[in-house]
Each structure stands twice: as C-alpha cells, then as structure tokens.
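Please read the structure below before turning to the comments.
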Amino acid sequence: MTPEKALNLIDADRDGGSMHILGIILGILAAAGVWYFRAQGAARGIESAVDAAGHLKGAYNRRKFRNKVEGSVLSNVQDPAEAAAVFLVVLAKEKGTMTSHVESLVSALLSDRAGLQGMALEEAMSFANWVSDEVADGHDVVRKFLPIWRSKLGTAERADLIDMANIVALDGYGAIPQQTELIRRLADGLATAR
C-alpha cells in the first residue's frame, strides 16, 4: 500500500465513510446485551417458579409421609392401658408442652387406675411421649383407639378412662376447648356400641 492510498483511507474515515459500520456493530452488540439480560431475567423467573413448585411438592410428600407414619405408630398399640397412656399424654400436650407435674399426674393415674406399675409404666410413658410427638391430631388417637377400648374395657373401666381424661384436662388452668372436644368425642365413642 502506498502512502497516498493510506492517507486517502484516513481521510475517508474522517468523512464518516466507515463510521456507519462501526455504529451498526455497536448497535447490534447493545441489542444483544439487552436481549441477553432479558433472557436471564426470564430464566430466573422460571427457575423460581420451578423451585416453588418443588417446595410445594416436598411439603405435600412430607405431610403424606407424616400421616402414614402416624397411622402405623398408632396401629402398633393393642393394649388398652397403653392406649390410655398415649391418649392422656396427647390430651395433656394439647395445652402445649407437658410439664413434669402433669407427667407425674398421668403416671399416678395410670398406676392407680390402669394397673401399670414399675417398668411397664415407664415404658408406657416413654412410648406415649414419643407417639404424642408423632401424632398431628388428637382426634386420630381417639378414632384409632375407640375399637380397642370398646372391645376390652367394661363399663366401669370406660368411666375411669373418661374420669382420668377430665382430671388431666382440668389440671392447671382448666380445660381448653380442644381438650373438651377430645373428651366429648371419647365419651360419645365409648357410649356408642358398635
């Protein structure tokens, strides 16, 4: 290339001859950048929607599993005294956490009225505390144990169970509505012969 041709090219650039190409390239790059960031935003939106759906599915699966475990835990109880221990602990925990005073009261009632003594009483209370943490609703406990109590308890023993439930519920500040409802359901279920 001769020096004269080079000077002509430089003069052409000064006149804006090839500047339009540079402007087009910059415009294309800017448009690509804008579309890239818009696509990124859409991808984040889709990703968060998929994530939320995953969380909902996980919550549904956890609830389904909890109900399955709860049902299987209650299915293992066949002894009416053990069932009474579970029910009384669940009833006591309707007020929140069970205090040591209420736990002692439940143990004394089970010892005096249900005949649980020594190691059998300790095992029943430990099992009842564990099961009560696994159970989501006290009504499930009543529904599950009513057939056991109906078939294995006499009239006097049924009255004792209702009386023990009233004693546990009334301890402290008195029964709360959830406890009253559970006791009513227990009494209605035990009165009904099936």
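Return the residues of region 147-180 that are over 17 Å from Val86 (Cα atoms) and acidic (Asp, Glu); say none if nothing qualifies. Listed by number, the list holds a single entry, Asp171. Scanning region 175-190 for residues that are over 28 Å from the mean Cα position of the chain (by Cα) and without any contact (Cβ under 8 Å) to a residue 24 or more places away in the chain turns up just one, Asp188. Residues considered: Ala83, Ala52, Ala43, Ala114. Of these, the only one that is farther than 20 Å from Leu170 by Cβ and either among the basic types (Lys, Arg) or more than 25 Å from the chain's Cα centre (by Cα) (or both) is Ala43.
Highlighted here are the helices (runs of 4 or more DSSP H) found entirely within region 109-174 that include at least 2 residues which are closer than 19 Å to Thr99 by Cβ: 118-134, 155-170.
Scan region 1-48 for residues that are open to solvent by less than 100 Å² (accessible area, probe 1.4 Å), modelled with pLDDT under 75 and either in contact with a Pro (Cβ under 9 Å, 6 or more places away or on another chain) or among the aliphatic types (A, V, I, L, M) (or both) and the total you get is 4.
Could you list, in sequence order, the residues of region 90-109 that are over 20 Å from the mean Cα position of the chain (by Cα) and under 12 Å from Ile167 (Cα atoms)? Residues satisfying the conditions are Ala92, Val102, Leu105, Val106, Ala108, Leu109. Taking region 130-151, which residues are farther than 14 Å from Gln78 by Cβ, surrounded by 15 or more Cβ atoms within 10 Å (Cβ to Cβ) and aromatic (Phe, Trp, Tyr)? None; the set is empty.
The set of residues from region 100-129 being touching a residue at least 24 places away in the same chain (Cβ under 8 Å) and either in contact with a Cys (Cβ under 8 Å, 6 or more places away or on another chain) or surrounded by fewer than 15 Cβ atoms within 10 Å (Cβ to Cβ) (or both) comprises His101, Gly115. Residues of region 88-99 being surrounded by fewer than 19 Cβ atoms within 10 Å (Cβ to Cβ) and assigned to a helix (DSSP H, G or I), which ones? Matches in region 88-99: Lys93 only.
The values are calculated or read from the model by the stated rules, or taken from the named source; none is laboratory data. Quick caveat, the model's predicted, so the values are computed rather than measured. Reconstructed Cβ throughout: ideal geometry from the backbone, glycine too, with neighbour counts over all protein chains shown. Keep in mind that these areas ignore ligands, DNA and RNA; they rest on the heavy atoms of the full protein, side chains included. Shrake-Rupley method; radii C 1.70, N 1.55, O 1.52, S 1.80 Å.
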